[in-house]
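We did not get these values from a lab; they are worked out from the coordinates using the rules stated. Please read these numbers as outputs of a predicted model, since none were measured by experiment. So basically every Cβ, Gly included, is an ideal-geometry build from the backbone, and we count neighbours across all protein chains shown.
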Amino acid sequence: MIDTHCHIDDPQYVADFDAFIRSQQEAGVKRILVPGINIDSLTSIANVCYRYPDFLIPAVGLHPEEVKDDFREQLNGIKRALDEGLPTPDGTRLHPVAVGEIGLDYHWDITYKSEQQEALRTQFQWAVERNLPVMIHNRDATADTLAMVRQFPALRGVFHCFNGSVEVATELIQRGFYLGIGGVLTFKNCHLKDTLQHVPLTALLLETDAPYMAPVPHRGKRNESRFMIHQVDLLADIYNTTPDGIIRVTTDNACRLFALN
Ligand SMILES: [Zn+2]
């Protein structure tokens with residue numbers, strides 16, 4: 001299993017970090033992708049990823065909820081990390097495999113709506129120029145996010161924590177995007193199960209959004225990559241295959257999108 005979206009640089013993982021990593025690996029997690037949210041996370045991500053360089057894989061980006069008055073300064077730091085890598089405590093550099101997490105979020109606050117759009121357009125451009133995939137966060141902003149995606153035909157990536165309609169899923173897949181399937185799939189009355197009847201397994205990635213979004217039966221707890229097995233079991237039912245079959249195809253999908261070996 002590959003967790004394509006996990007905030008393992010979150011302070012909630014500090015106390016038991018090495019034991020936590022070991023228990024994920026023992027449960028069959030092969031890699032964890034760690035998205036950035038702002039310039040502070042360039043440091044927090046480098047500090048965790050350099051200790052497990054083949055297992056924890058960094059991405060960098062400015063999250064829409066982090067877009068404030070200083071967003072251009074934030075973007076400058078992120079651009080530098082894309083070009084030069086993330087400096088680590090042992091003097092090496094880690095090269096991000098994606099631009100993320102980036103997107104639009106109109107849920108709580110639309111004060112910086114136009115700045116969010118400018119930041120997203122800029123980061124889409126950087127991804128295309130560097131031939132890197134994007135990790136997209138979209139909350140209550142589907143129309144604007146799709147409109148922006150349409151302006152960049154060469155863009156590829158994943159819609160993280162996808163929970164949209166069949167129509168949106170179909171367009172994204174046609175454009176070469178993947179859909180990130182998180183713990184939401186296990187929630188009661190989740191319509192995503194119906195949407196997936198119309199989506200090929202070759203378009204899906206597994207993810208957690210940990211420490212958030214823990215699946216049933218762990219809801220409300222700190223999330224872990226190994227808990228993805230609960231999404232895997234449901235996906236096996238939906239796609240009429242085995243859990244191993246789901247793990248094999250979604251692992252191939254993640255390796256293809258993020259150029260992992
Ligand atoms: Zn996230």
Seminar exercise, completed: Expected sort for Phe162, Phe71 with the fewest Cβ neighbours (10 Å cutoff) up front is Phe71, Phe162
Exercise. Among Ile102, Leu62, Leu82, whose Cα sits farthest toward the positive end of the charge dipole of the range 55-144 (+1 at Cβ of Lys/Arg, -1 at Cβ of Asp/Glu, about the Cα centre)?
Worked result: Leu82
Exercise. In nm, what is the difference between 0.36 nm times the number of residues separating Ala19 and Asp252 and their Cα-Cα distance?
Worked result: 81.2 nm
Exercise. Assigning unit charges at the beta carbon (Lys, Arg +1; Asp, Glu -1) and nothing else, what dipole magnitude in debye, to the nearest 20, does the range 2-258 show about its Cα centre?
Worked result: 500
For this session: Would you mind counting up the charge near Asn47? Only other residues with Cβ under 13 Å from its Cβ, with Lys and Arg at +1 and Asp and Glu at -1.
Result: -3
For this session: Would you please give the residues with an amide H less than 5 Å from that of Ala210, counting only those at least 5 places away or on a separate chain, with H modeled from the backbone geometry?
Result: His7
Seminar exercise, completed: Given unit charges at Cβ for Lys, Arg (+) and Asp, Glu (-), the dipole magnitude of the range 113-261 about its Cα centre in debye, nearest 20, is 180
For this session: Describe numerically, in nm with one decimal, the distance between label points set 7 Å from Cα along Cα→Cβ at Asp244 and at Asp194.
Result: 3.5
Problem set entry | Inter-label distance for Asp69 and Phe55, nm, one decimal - labels placed 7 Å from Cα along Cα-to-Cβ | 4.3
Exercise. Using a Gaussian network for the chain with springs between C-alpha atoms less than 10 Å apart, which of these wobbles most: Cys190, Cys161, Cys49?
Worked result: Cys190
Exercise. Can you put His63, His218 in order, fewest other beta carbons within 10 Å first?
Worked result: His218, His63
For this session: Would you kindly derive the ³J(HN,Hα) couplings of the range 53-59 from the backbone phi angles with the Karplus curve 6.51 cos²θ - 1.76 cosθ + 1.60 (θ = phi - 60°), listing them in order in whole Hz, with x for Gly and Pro?
Result: x, 8, 10, 9, 10, x, 10
Exercise. Sorting Leu75, Leu260, Leu204, Leu185 on the 10 Å Cβ count, fewest up front, what's the list?
Worked result: Leu260, Leu75, Leu185, Leu204
Exercise. Can you list residues whose amide H is under 5 Å from Arg31's amide H, if they're 5+ apart or on another chain and H is modeled 1.01 Å from N?
Worked result: Asp3
Exercise. Residue by residue through the range 3-10, which ³J(HN,Hα) values in whole Hz follow from phi under the Karplus form 6.51 cos²θ - 1.76 cosθ + 1.60 (θ = phi - 60°), with glycine and proline marked x?
Worked result: 8, 8, 7, 8, 8, 6, 7, 5
Problem set entry | Charge dipole (the range 2-258, unit charges on Cβ, about Cα centre) - positive-most of Val249, Ser44, Ile229 | Val249
Problem set entry | Given charges at Cβ of Lys, Arg, Asp, Glu: the range 2-258 dipole, positive-most of Gln117, Ala203, Cys161 | Ala203
Exercise. Looking at this model, which pairs from Lys193/Lys221; Lys30/Lys193; Lys79/Lys193; Lys30/Lys221 are more than 28 angstrom apart at the alpha-carbon?
Worked result: Lys79/Lys193
Exercise. So how far apart, in nm, are the two label points at Ser165 and Thr43 if each is 7 Å from Cα heading toward Cβ?
Worked result: 4.5
Problem set entry | Sequence-distant residues sharing a close amide H with Leu94 (under 5 Å, placed H) | Leu86, Thr88
